[in-house]
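The values are calculated or read from the model by the stated rules, or taken from the named source; none is laboratory data. Quick caveat: nothing in here was measured; it's all calculated off a predicted structure. Every residue, glycine among them, receives a Cβ derived from its backbone with ideal geometry; neighbour counts consider all protein chains shown. To get the accessible areas, we keep the full protein, side chains included, count just its heavy atoms, and leave off ligands, DNA and RNA. Shrake-Rupley method; radii C 1.70, N 1.55, O 1.52, S 1.80 Å.
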Amino acid sequence: MPERHSGTTDCADPSRPPVADKQHFSRLTFGPGEFIFRAGEPGDAAYIIDRGAVEILGGRHESAARLALLGPGEMFGEMAAIDQLPRSASARAITTSTLLYIDALCLKDLLQGSDPVVQYILQALIARLRKRGDYSGVAVHPAATAHMRPGGNLHNQMLRTLTVVSDLSHAIQTHDLELHYQPLMHLESGRIAGFEALMRWKPASLGQVSPDEFIAIAERSGLIHQLGAWMLHRATREWSDIRSCCPPVPDHPPTFLSLNFSAPELSRIGLADILEWCINERNIPANELNLELTERLLPQQEYRNDPGFDIAGTMQQVRNLGINLALDDMGTGYAGLGTLQQLPFSSIKIDKSFIQKITTCERSLQIVQAMLLLARALGLRSTAEGVEDEATHRKLVELGCTYGQGYYYARPMKKPDIMAWVCGQPVGQVATYPPSESPVTSGVEGE
Ligand code: CMP
Ligand code: MG
């Protein structure tokens, strides 16, 4: 805590109103020659020099050798704040210095949100620095670095991430991935409206890896571009067969194929060209394709603002081709209503966390109702994800939701199974729910 230091805080002025984050981000002032901390002390914060100059000393006293001289903008004290071991050196103000205090807990939160490989590398680098010069005088307790060693938590997570990246990259090249298809039902008519293609991967080395896990790792590692291209080619090729089971029904839009894309992929220049090539090559009418874009990744400013990564422009190009766009997992991210205002979506998909409570929780029902009202007002179609029982289905019909998707209608199935399932449905008639027995499914959990 800043109060432990003899330095005075800017927040100490009683005439100022209290600041909520005082302890986490206050400024501290130290006089010439004053120690900010000494080697061997516990490290509860890192510092950034706002004004003044600070020297790092290789020992606990003024007479210790100077290791570094730091000025405005530079950070120090990050080692103990990150590895939670005692201070490796001392820090002393040379002139009157104002420092920005960064609480170790805040750094810990930031780090824990980052990739385990990045965390591991950072911790390994700090451990290496300590080996080369540590003046804490405290032998490093083995338990403190246990999570870094083979078998430790962080080591395991780092290894798992890198193994997934390597094996997934190989699986894409050898086509060792599968697509399963889950139907979306048109709620008013009871007809099959379309199918969402879902990726499945069962690497021999790792056992089953959930799509949530490998897609998140692919997004972080950049592998998502190859994965997306693989999915697009495979799905559009298989669609040629699946669509033959879905003859057009007069006065109804064609049955569609929905593909999940992530914001980083959409930000790639040239995606619209690839899509155009696919639909021409496979002879697929553009309005049979729907791209689902998860709300989770949309707010990331680096994709939005970088002129080289023009999501809005690519989305418009995709829409100009005649392909539809759905805002996926609506309600789970931080995209906000500005997303619907600025980006050319044609439908929304309401996340299952809301849908699955609409018959038991009044607040969830109200939220879903409000989302449906919003969709209707904006002229967007709506899909309810995760419909698992008749009561939820009936409620959604009553609320006027356009499509329903979930185990109540069907689980995701491989291409032959979904084709057999479609053939078992009453063509052009209202389906009865639950629909006729699904053929053997893969037993894989759906999304
Ligand atoms: P920490 O160990 O928390 O506290 C002492 C800080 O001094 C340390 O973090 C680094 O920020 C800094 N430090 C340690 N060794 C050196 C060095 N050799 N050169 C520059 N800065 C150092
Ligand atoms: Mg989806």
Answer yes if at least one residue in the range 157-175 is part of a helix (DSSP H, G or I), over 30 Å from Val422 (Cβ atoms) and modelled with pLDDT under 90, and no otherwise.
no
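Let's see how each residue does on (1) in contact with a helix residue (DSSP H, G or I) (Cβ under 9 Å, 6 or more places away or on another chain); (2) surrounded by 17 or more Cβ atoms within 10 Å (Cβ to Cβ); (3) under 17 Å from Leu129 (Cβ atoms):
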{"site": "Leu28", "(1), (2), (3)": "yes, yes, no"}
{"site": "Arg38", "(1), (2), (3)": "no, yes, no"}
{"site": "Asp50", "(1), (2), (3)": "no, no, no"}
{"site": "Ile56", "(1), (2), (3)": "no, yes, yes"}
{"site": "Met75", "(1), (2), (3)": "no, no, yes"}
{"site": "Ala80", "(1), (2), (3)": "yes, yes, yes"}
{"site": "Ile94", "(1), (2), (3)": "no, yes, no"}
{"site": "Leu107", "(1), (2), (3)": "yes, no, yes"}
{"site": "Leu110", "(1), (2), (3)": "no, no, no"}
Which pairs turn up if I take residues in the range 316-330 that are in a helix (DSSP H, G or I) and look for partners that are modelled with pLDDT under 95 and open to solvent by 20 Å² or more (accessible area, probe 1.4 Å) with beta carbon separation below 8 Å, at least 6 apart in sequence or on another chain?
Gln316/Pro344; Arg319/Pro344; Leu321/Glu276
Leading residue by the ranking (farthest from ligand 2 (Cβ to nearest atom)) among those in the range 62-73 that are surrounded by fewer than 18 Cβ atoms within 10 Å (Cβ to Cβ) and outside any strand (DSSP E or B)
Ser63
Could you list, in sequence order, all residues of the range 41-61 that are within 11 Å of ligand 1 (Cβ to nearest atom) and either within 20 Å of Ala139 (Cα to Cα) or assigned to a loop (DSSP other than H, G, I, E, B) (or both)?
Glu41, Pro42, Gly43, Asp44, Leu57, Gly58
Which one of Lys414, Lys357 is closer than 26 Å to Met231 by Cβ and either at pLDDT 95 or above or not small (Gly, Ala, Ser) (or both)?
Lys414
Among the helices (runs of 4 or more DSSP H) contained in the range 207-269, which hold 2 or more residues that are basic (Lys, Arg)?
224-242
How many residues does the range 361-379 contain that are outside any helix (DSSP H, G or I) and under 18 Å from Val397 (Cβ atoms)?
0
All positions within the range 380-404 that are under 16 Å from Gln356 (Cα atoms) and either open to solvent by less than 10 Å² (accessible area, probe 1.4 Å) or part of a loop (DSSP other than H, G, I, E, B) (or both):
Ser382, Thr383, Ala384, Gly386, Val387, Glu388, Asp389, Thr392, Leu396, Cys401, Gly404
For the range 393-421, enumerate the residues that are touching a helix residue (DSSP H, G or I) at 6+ places or on another chain (Cβ under 8 Å) and under 18 Å from Thr332 (Cβ atoms).
Cys401, Gly406
